[in-house]
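Undergrad: The structure is given below, and queries will be raised subsequently.
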Amino acid sequence: GQQLNQSPQSMFIQEGEDVSMNCTSSSIFNTWLWYKQDPGEGPVLLIALYKAGELTSNGRLTAQFGITRKDSFLNISASIPSDVGIYFCAGQRDNAGNMLTFGGGTRLMVKP
Amino acid sequence: GAGVSQTPSNKVTEKGKYVELRCDPISGHTALYWYRQSLGQGPEFLIYFQGTGAADDSGLPNDRFFAVRPEGSVSTLKIQRTERGDSAVYLCASSLIGGATDTQYFGPGTRLTVL
């Protein structure tokens, strides 16, 4: 089962709003990743974090690797309609090969 | 350039049947991964290949599941005596060398439905 707890499970956005989501774990990960998945597609990597405390940006996206190595957050600024989709956090441990452990996802939808 | 491709995109089968799912990784990628994604959940790791060999198969749920990569490129995930609980999207990913900082590129998945 899932070892990463991701919240919120879903949220509605209005164009121009900032969005924040986070991921927590009971155990340490050495790498944190954030992916986006559109319907009928596989996940696409957005941001990778390799050091505790690291803050990384990719355009309107900003993600941080928690200092305890047990959490991460992703912020999206000034959201646009194409931001709609499912966002997954994923963790990787040095002693667990190259497998990724995924969170349950945050579904971003547009406010009607 | 071409990404990871998976065939078929959809597979419907009956309980008890055998199925094969195919993955074509990005050319030149030595590492290949299979994940399973149930409805409303994140992907779950099944198996990882480095070249032709399975470097980590700890995610395979039971011995009905088997995967091969005989020439270090295309991989086939095989499921025997399918059960309704096997219904899910099966995702394949590849990465250049399989290192810890290597990006895993995912294919679109095969949606398996077991009736």
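The values are calculated or read from the model by the stated rules, or taken from the named source; none is laboratory data. Values in this document were obtained by computation on a predicted structure and should not be read as measured data. Note that each Cβ is placed from the backbone with ideal geometry, even for glycine, and that neighbours are counted across all protein chains shown.
Undergrad: Of all residues in the stretch A:39-59 being under 24 Å from A:Ala78 (Cα atoms) and among the hydroxyl-bearing types (Ser, Thr, Tyr), which is farthest from the other protein chains (Cβ to nearest Cβ)?
TA: Restricting to residues being under 24 Å from A:Ala78 (Cα atoms) and among the hydroxyl-bearing types (Ser, Thr, Tyr), the top hit is A:Ser57.
Undergrad: Sticking with this structure for a sec: Closer than 30 Å to A:Leu108 by Cα, more than 12 Å from chain A (Cβ to nearest Cβ) and under 13 Å from the mean Cα position of the chain (by Cα): is that true of B:Thr7 in this structure?
TA: Spelling it out, B:Thr7 is indeed closer than 30 Å to A:Leu108 by Cα, more than 12 Å from chain A (Cβ to nearest Cβ) and under 13 Å from the mean Cα position of the chain (by Cα).
Undergrad: Do you know which residues across the stretch A:76-100 are in contact (Cβ under 8 Å) with a residue 60 or more places away in the chain, facing chain B (nearest Cβ under 7 Å) and farther than 16 Å from A:Ser20 by Cα?
TA: A:Gln92, A:Asp94, A:Leu100
Undergrad: Which of the residues that make up the stretch B:1-31 are closer than 14 Å to B:Gln104 by Cβ and not in a strand (DSSP E or B)?
TA: B:Gly3, B:Val4, B:Pro25, B:Ile26, B:His29, B:Thr30 - these are the residues of the stretch B:1-31 that are closer than 14 Å to B:Gln104 by Cβ and not in a strand (DSSP E or B).
Undergrad: If you check A:Ile67 against the conditions, is it among the aliphatic types (A, V, I, L, M), surrounded by 14 or more Cβ atoms within 10 Å (Cβ to Cβ) and either within 13 Å of chain B (Cβ to nearest Cβ) or part of a loop (DSSP other than H, G, I, E, B) (or both)?
TA: Answer is no for this residue.
Undergrad: Can you report the number of residues in the stretch A:29-40 which are modelled with pLDDT of 95 or more, surrounded by 15 or more Cβ atoms within 10 Å (Cβ to Cβ) and not hydrophobic (A, V, I, L, M, F, W, C)?
TA: Summing the residues that are modelled with pLDDT of 95 or more, surrounded by 15 or more Cβ atoms within 10 Å (Cβ to Cβ) and not hydrophobic (A, V, I, L, M, F, W, C) in the stretch A:29-40 gives 3.
Undergrad: Just give me the residues in the stretch B:1-39 being farther than 23 Å from B:Gln80 by Cβ, surrounded by fewer than 13 Cβ atoms within 10 Å (Cβ to Cβ) and touching a residue at least 60 places away in the same chain (Cβ under 8 Å), in sequence order.
TA: B:Gly28
Undergrad: Looking at A:Ser82, A:Ser77, which one is more than 25 Å from B:Trp34 (Cα to Cα) and modelled with pLDDT of 95 or more?
TA: A:Ser77
Undergrad: So, one more: Keeping to the stretch B:41-86, report how many residues are more than 14 Å from chain A (Cβ to nearest Cβ), crowded, with 19+ Cβ neighbours inside 10 Å and closer than 30 Å to A:Pro8 by Cα.
TA: The qualifying residues number 1.
Undergrad: What is the one condition in (1) in contact (Cβ under 8 Å) with a residue 24 or more places away in the chain; (2) away from chain A (no Cβ under 14 Å) that B:Ser94 does not satisfy?
TA: B:Ser94 satisfies every listed condition except (2).
Undergrad: Using the structure shown, decide if A:Ser82 is outside any strand (DSSP E or B) and over 21 Å from A:Leu4 (Cα atoms).
TA: It is true that A:Ser82 is outside any strand (DSSP E or B) and over 21 Å from A:Leu4 (Cα atoms).
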